[in-house]
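Please read the structure below before turning to the comments.
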Amino acid sequence: MKDPTGPLLVTLDRFVGKAENAFNLVAGGLIFGLMVLGVVQIVMRTVFSSPILGYIDIVELSMVGFAVLAIAFVQRVGGHVRMELVIQVLRGRTLWFFEALGSCLAIFIVAVLIPYSFDHFQRAFQFGDSTIDLELATWPAKLVVPMALSLLLVRLVIQLAGYTRLFVNPRLPPLAIPALKRPEEVAAAEIRLTETSGGIDDDAATRA
Amino acid sequence: CGSNESPQEAGKDAPALTHDAAFPKVVWDASLWGNPRAGTVAVDVLAREVEERTNGAWQINLHYGEAISKARENLDGIAIGAFEVAMVCNFYHPQKNPALMVLTMPFLPMETDAKSKAVREAVYAHPAVVAEFARWDAMLYTSTFLPQYEFMGRGEAPSSMADWVGMTVRAGGGIGDAMVLLGATPTSSTATEVYTGVQQGTMDAAAFPFSYSHVAYRIHEVSDWYTNGMAPGSADCPVVFSKTAYDKLPPQYHKVLHDVRSMVDAAQLQAYRDVDETNLPLLRNALLEVSFSPAMRNELRDSVGKRVIDEWIEENQDTFDARGLVELAFEAAGSTFK
Amino acid sequence: MTDPFWIGIAGVALLIGLVVVGVRVYIAAAVVGFLGLLALKGWDVAAAVAGTIPHSKTVTYPLSVLPLFILIGFLAFHAGLTGKLFEAARRWLGWVPGGLAVSTVFASAGFAAVSGASTATSAVFSRVAIPDMLQHGYAKRLTAGVIAAGGTLASLIPPSAILVIYAILVEQSVGKLLLAGLLPGLVSVLIYTSLIIGMCAWRPELGGAAKGFTWRERFASVPGSLPIFLVVGIIFGALYSGVATPTEAGALGAAVVFALYVYRAWRQGEVASMGGRLKDALTETAKLTVMIFTLIWGVFLFVRFLGFAGLPNEFANWVVGLDLPPLLIMVCILLAYAVLGMFMDAIGMLILTLPVVFPAVIALGYDPIWFGIIVVKMAEICLITPPIGLNCFVVAGVSRDLPSVAGTEMAIPLQDVFRGIGPFFVADVLTVVVLLLVPGIVLWLPNQMGQ
Ligand code: NA
Ligand code: NA
């Protein structure tokens, strides 16, 4: 079977995937930091009665890191919510057509959002904008949005190529697209998450 | 659907003549947050008057509850032309309007309505303020005259200046800085969290526009005392217009805006007085009033107030004429900054 | 009716169409929102407004509690808190008719107090409770039903991600909503329990009592389940007293569970694999967090367009103008949710519908906190109804992989799960009716907050 685009797609998929994984890890780290900061805030306030001034400012500024940074990662693994009632009964070319259509819509809106969210950053950068208490500049947080969306755009283009390739030749093996999640598979993924450890306790008393 | 002609039917981009040729059809959107309240009377009256005086040809649609923009992004909305009117608060984004932050300075001479109006008007006319709003394609129409702040708190009432040392207080901007100089510990909190904060003692007192906001956030229910006459300062939440939209208006509409302003201002100031009329007896009955005499206030003004203002001038003089702004503010109230 | 209104209606219709054909909800909502703004305001304004949304709608302090609640759930599982909880419930409550099923309900409720995710709770208890119940001769249908239904308690009993999202969407106090979920959650527990005891007393072959625990054994099971109560106490105490904001309470809860996890790993000599597990928990948390935040800004782009079109207001006016009894309208709204929930994810359903439905509900005079609990309960019912009842798939899926013990086969086929859910579905409907008739169950606790 001729598959001229397959190998290229796989390479791109892996390359972009590395950046996505890194972004996701940063987001996870920020969440851990949020936990630590919250505990420090409570301790500082209740024990030393000197709360971290600008705690809210710091939380708000860091939020963008876990709110949007990993957006391309989630797109890669097909984690964004959708209704699969119709899509799951489709097969072959029809299925790939609707998937490609969805990708085109996504590419359109993300391509609009990138320059205009960059404008939003630029307004903050040029005219000034800050948080309330510490008067921290907000532009770095605003810049994260077009960055994360740019990676998302690359991911969406790869997925569009993946769907188009299958639309052209539905007999090729699926590459560089998220697995179609039928409800059973979503459930299976949930189950895998709880498999790693701990559900059934190893405490001997439990087995008695 | 009614068969009557609705003023909304024509967008602002397609002005059409009504029965009265003197009043072309205009539709403006106004971005507001929260519910209609005493602090939004100015916009309410403005919308009502404008519509009335143009025989319904000019409509200002009020979008409450952040329906068309987040409050802190209202200037962005004006800059991108998303709407023509917005209320903005200077302390929501100090660096978006660094010069207007002068109105958050502590102990400015704004104790009376007349002085408050005079000072704010003078500041609005200052080139630095005009310029910083022009960057956002915005122009200041009028203030909503946020009342002077007072503190309200739980526990032992501060009977002398020394009692403020070590108190955890929620106070923003220049008032917060002044309290730090008095020895208080500042804490940040969203306005809605102040209630539980005061109640639980994670903060001892909070400053809010008096008496309007204290009662709106129900702080009095969990407090033991409040200050009166301390008047440590205020903030400013003006009604702004899109400059582009304003410039597009026909001259007779400019005149309408000019004519209704004194009425809008009067209604706004009256709204706070009405609120006070209900609130003050309530507070006096339930809480201990810590009164500040003018002499005590002047002492605070000359000690901590002046230091905060001096520091602010020093920090900002390189960017704009901060000293000129402060001097102008004092001058407008008939006093001098020294 | 105005032009913007009809543009709004067209937008809603297009959105439904795109969602139905499987376009991801955030994309469908963002595209339609943008096109709507384009029709109302032209390209420059539409694109510029759209460009502000991803930042301005996600970066709001109250939303920062979400990742922490999600993290608590992942860590609590790794910290091994669930098995001990079930064992304690079994020893204390096993003696009633259907005792193991009742124990499962109580243990699920306990785990719900540290976990904010329904489906994960069902997955956890499938592993813990299925072998025990089937070995003791419990009917497969009852076993499956109680585990799938018990999982839904996680969204009502705080912490709950979905309640936070509701609070943010409709601008209500996050703390109040979380507190409001507790009593309705307990009412659900009571109704489930009465149902099980009644069924098993009437037909003992469904499942008997697990007797024979001494008081010594009962008390011996307490220490193992204490950590859960510690975490619950921390989160609740902090929220109820107001000592901490929800975000801070979430941080503290997560930190305590994290400490328990570290302690367990250290005690079992698993310190080496701890880093990897923590990384997994954090990246999974990040993934779920982004998914929710993306949905929020995507749908808010659509909401902006509705705001400019004035649709929510006009819809509210229309509903109020219908001149029907509010209760009837409420029942219609709930039925609509039941139908929609058959096909949609709970969080997606809420985010998509509330901007239009909520103003109407408020205009009818209903309490916003109360409606939040009702609507979340509806969303949870959707997790156990065919054709897409995620909790049911989970129970069937886990059971298939469980090894058989002493000749007892553990697999429970999906059709048995759905049949087993039947009585619990009726119990849930009953709960909703109770909450409709006695709103005080929802509102009493939040109204006590800080008094
Ligand atoms: Na929960
Ligand atoms: Na369902």
In the set B:133, B:107, the lone residue that is outside any helix (DSSP H, G or I) and open to solvent by less than 10 Å² (accessible area, probe 1.4 Å) is B:107
Taking the range B:299-336 on its own, how many of its residues are open to solvent by less than 30 Å² (accessible area, probe 1.4 Å), of a type outside the set (A, V, I, L, M) and closer than 17 Å to residue B:177 by Cβ?
-> 3
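Give the residue that is surrounded by the fewest Cβ atoms within 10 Å (Cβ to Cβ), with candidates limited to residues of the range A:47-87 that are of a type in the set (Ser, Thr, Tyr) and facing another protein chain (nearest Cβ under 7 Å). Write out each step before concluding.
Residues of the range A:47-87 of a type in the set (Ser, Thr, Tyr): A:49-50, A:55, A:62.
Retained after the next criterion (residues that are facing another protein chain (nearest Cβ under 7 Å)): A:49-50, A:55.
Values: A:49: 16, A:50: 13, A:55: 24.
Taking the candidates together, the pick is A:50.
So is residue A:109 assigned to a helix (DSSP H, G or I), β-branched (Val, Ile, Thr) and either modelled with pLDDT of 65 or more or within 28 Å of residue C:45 (Cα to Cα) (or both) or not? It would help to see each step written out before you state the result.
Numbers: assigned to a helix (DSSP H, G or I): yes; β-branched (Val, Ile, Thr): yes; either modelled with pLDDT of 65 or more or within 28 Å of residue C:45 (Cα to Cα) (or both): yes.
Judged against the criteria, residue A:109 is a match.
Can you tell me which residues in the range C:348-387 are within 14 Å of chain A (Cβ to nearest Cβ) and either away from ligand 2 (no atom under 16 Å from the Cβ) or not polar (S, T, N, Q) (or both)?
So the first thing to find is which residues in the range C:348-387 are within 14 Å of chain A (Cβ to nearest Cβ), and the list is C:348-353, C:379, C:382-387.
Of everything in the range C:348-387, those that are within 14 Å of chain A (Cβ to nearest Cβ) and either away from ligand 2 (no atom under 16 Å from the Cβ) or not polar (S, T, N, Q) (or both) turn out to be C:348, C:349, C:350, C:351, C:352, C:379, C:382, C:383, C:384, C:386, C:387.
Find the residue count for the range C:382-398, including only residues that are among the β-branched types (Val, Ile, Thr) and either surrounded by fewer than 24 Cβ atoms within 10 Å (Cβ to Cβ) or within 16 Å of ligand 1 (Cβ to nearest atom) (or both).
Our first condition is that a residue be among the β-branched types (Val, Ile, Thr); within the range C:382-398, this holds for C:384-385, C:388, C:394-395, C:398.
Going one step further and asking which of them are either surrounded by fewer than 24 Cβ atoms within 10 Å (Cβ to Cβ) or within 16 Å of ligand 1 (Cβ to nearest atom) (or both), we end up with C:385, C:388.
Of the residues in the range C:382-398, 2 are among the β-branched types (Val, Ile, Thr) and either surrounded by fewer than 24 Cβ atoms within 10 Å (Cβ to Cβ) or within 16 Å of ligand 1 (Cβ to nearest atom) (or both).
Determine, yes or no, whether residue A:118 is in contact with a Pro (Cβ under 9 Å, 6 or more places away or on another chain), of a type outside the set (D, E, K, R) and closer than 30 Å to residue A:32 by Cα.
Details: in contact with a Pro (Cβ under 9 Å, 6 or more places away or on another chain): yes; of a type outside the set (D, E, K, R): yes; closer than 30 Å to residue A:32 by Cα: yes.
Taking the combined requirement at face value, the residue satisfies it.
Output the residue which, of all residues in the range A:140-157 that are more than 10 Å from every other protein chain (Cβ to nearest Cβ) and open to solvent by 10 Å² or more (accessible area, probe 1.4 Å), is nearest to residue A:3 (Cα to Cα). It would help to see each step written out before you state the result.
Of the range A:140-157, the ones more than 10 Å from every other protein chain (Cβ to nearest Cβ) are A:140, A:147, A:150-151, A:153-155, A:157.
With open to solvent by 10 Å² or more (accessible area, probe 1.4 Å) added as a condition, the list becomes A:140, A:147, A:150-151, A:153-154, A:157.
Numbers: A:140: 43, A:147: 32, A:150: 28, A:151: 26, A:153: 24, A:154: 21, A:157: 18 Å.
Once the filter is applied, the top-ranked residue is A:157.
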In the set B:212, B:217, the lone residue that is in contact (Cβ under 8 Å) with a residue 12 or more places away in the chain, under 20 Å from the mean Cα position of the chain (by Cα), within 14 Å of chain C (Cβ to nearest Cβ) and open to solvent by 20 Å² or more (accessible area, probe 1.4 Å) is B:217
Just a yes or no: is a residue in the range C:92-115 open to solvent by 10 Å² or more (accessible area, probe 1.4 Å) and free of Cβ contacts under 8 Å to residues at least 24 places away in the same chain?
-> yes
Residue satisfying condition, being away from ligand 2 (no atom under 16 Å from the Cβ), more than 29 Å from the chain's Cα centre (by Cα), crowded, with 18+ Cβ neighbours inside 10 Å and more than 7 Å from every other protein chain (Cβ to nearest Cβ), within set C:309, C:316, C:272 | C:309
Only one of A:108, A:125, A:97, A:121 is at the interface with chain C (Cβ under 10 Å from one of its Cβ atoms) and open to solvent by 30 Å² or more (accessible area, probe 1.4 Å); which?
-> A:108
Of residues in the range C:238-248 being touching a residue at least 40 places away in the same chain (Cβ under 8 Å) and farther than 14 Å from residue B:190 by Cα, the one most open to solvent (accessible area, probe 1.4 Å) = C:240
Subset of the range A:159-177, residues open to solvent by 10 Å² or more (accessible area, probe 1.4 Å) and closer than 17 Å to residue A:19 by Cβ, comes to A:176
Only one of (1) farther than 24 Å from residue B:112 by Cβ; (2) buried (at least 19 other Cβ atoms within 10 Å of the Cβ); (3) more than 13 Å from every other protein chain (Cβ to nearest Cβ) fails for residue B:156. Which number is that?
-> (2)
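On the basis of being more than 16 Å from ligand 1 (Cβ to nearest atom) and either outside any loop (DSSP other than H, G, I, E, B) or under 25 Å from residue C:71 (Cβ atoms) (or both), does residue C:164 make the cut? Reasoning before the result, please.
Details: more than 16 Å from ligand 1 (Cβ to nearest atom): no; either outside any loop (DSSP other than H, G, I, E, B) or under 25 Å from residue C:71 (Cβ atoms) (or both): yes.
Taking the combined requirement at face value, the residue does not satisfy it.
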Mind telling me which of the residues B:192, B:187, B:202 ends up being touching a Leu at 6+ places or on another chain (Cβ under 9 Å) and within 14 Å of chain C (Cβ to nearest Cβ)?
-> B:187
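Counting only residues that are open to solvent by less than 30 Å² (accessible area, probe 1.4 Å) and farther than 28 Å from residue C:162 by Cβ, which one in the range C:399-410 is farthest from ligand 1 (Cβ to nearest atom)? Can you show your working first?
Residues of the range C:399-410 open to solvent by less than 30 Å² (accessible area, probe 1.4 Å): C:399, C:402, C:410.
Narrowing the set further to residues that are farther than 28 Å from residue C:162 by Cβ leaves C:402, C:410.
Numbers: C:402: 25, C:410: 27 Å.
Looking at residues that are open to solvent by less than 30 Å² (accessible area, probe 1.4 Å) and farther than 28 Å from residue C:162 by Cβ, I get C:410.
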State all residues of the range C:162-186 that are closer than 18 Å to residue C:383 by Cα and either more than 16 Å from ligand 2 (Cβ to nearest atom) or within 12 Å of another protein chain (Cβ to nearest Cβ) (or both); if no residue qualifies, say none.
-> C:163, C:165, C:166, C:181, C:184, C:185
Scan the helices (runs of 4 or more DSSP H) fully inside the range C:1-79 and keep the ones with 1 or more residues being away from chain A (no Cβ under 11 Å), surrounded by fewer than 23 Cβ atoms within 10 Å (Cβ to Cβ) and small (Gly, Ala, Ser).
-> C:3-20, C:25-58
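Results for (1) under 30 Å from residue B:59 (Cβ atoms); (2) acidic (Asp, Glu), shown as yes or no for each residue.
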residue	(1), (2)
B:245	yes, no
B:252	yes, no
B:276	no, yes
B:283	no, no
B:287	no, no
B:304	no, no
B:321	no, yes
Out of all the residues in the range C:277-290, which are more than 7 Å from every other protein chain (Cβ to nearest Cβ) and either open to solvent by less than 40 Å² (accessible area, probe 1.4 Å) or under 28 Å from residue B:199 (Cβ atoms) (or both)?
-> C:278, C:281
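Yes or no, residue by residue, for (1) open to solvent by less than 10 Å² (accessible area, probe 1.4 Å); (2) within 17 Å of the chain's Cα centre (by Cα); (3) within 14 Å of chain A (Cβ to nearest Cβ); (4) modelled with pLDDT of 90 or more:
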| residue | (1), (2), (3), (4) |
| --- | --- |
| B:29 | no, no, no, yes |
| B:35 | no, yes, no, no |
| B:42 | yes, yes, no, yes |
| B:77 | yes, no, yes, yes |
| B:86 | yes, yes, no, yes |
| B:96 | yes, yes, yes, yes |
| B:114 | no, yes, no, yes |
Restricting attention to the range C:134-161, and to residues there that are within 8 Å of ligand 1 (Cβ to nearest atom) and within 14 Å of chain A (Cβ to nearest Cβ), which single residue is surrounded by the most Cβ atoms within 10 Å (Cβ to Cβ)?
-> C:159
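Restricting the search to the range B:270-297, which residues are assigned to a helix (DSSP H, G or I), of a type in the set (A, V, I, L, M, F, W, C) and open to solvent by 20 Å² or more (accessible area, probe 1.4 Å)?
B:275, B:280, B:282, B:286, B:295, B:296
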Can you name the residue in the range C:414-447 that is of a type outside the set (Val, Ile, Thr) and free of Cβ contacts under 8 Å to residues at least 40 places away in the same chain and, of all such residues, is surrounded by the fewest Cβ atoms within 10 Å (Cβ to Cβ)?
-> C:437
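The values are calculated or read from the model by the stated rules, or taken from the named source; none is laboratory data. What you see is a predicted model; the values in this text were computed from it and never measured. We place every Cβ from the backbone using ideal geometry, glycine too, and count neighbours over all the protein chains shown. SASA here: full protein model, heavy atoms, side chains in, ligands and nucleic acids out. Shrake-Rupley method; radii C 1.70, N 1.55, O 1.52, S 1.80 Å.
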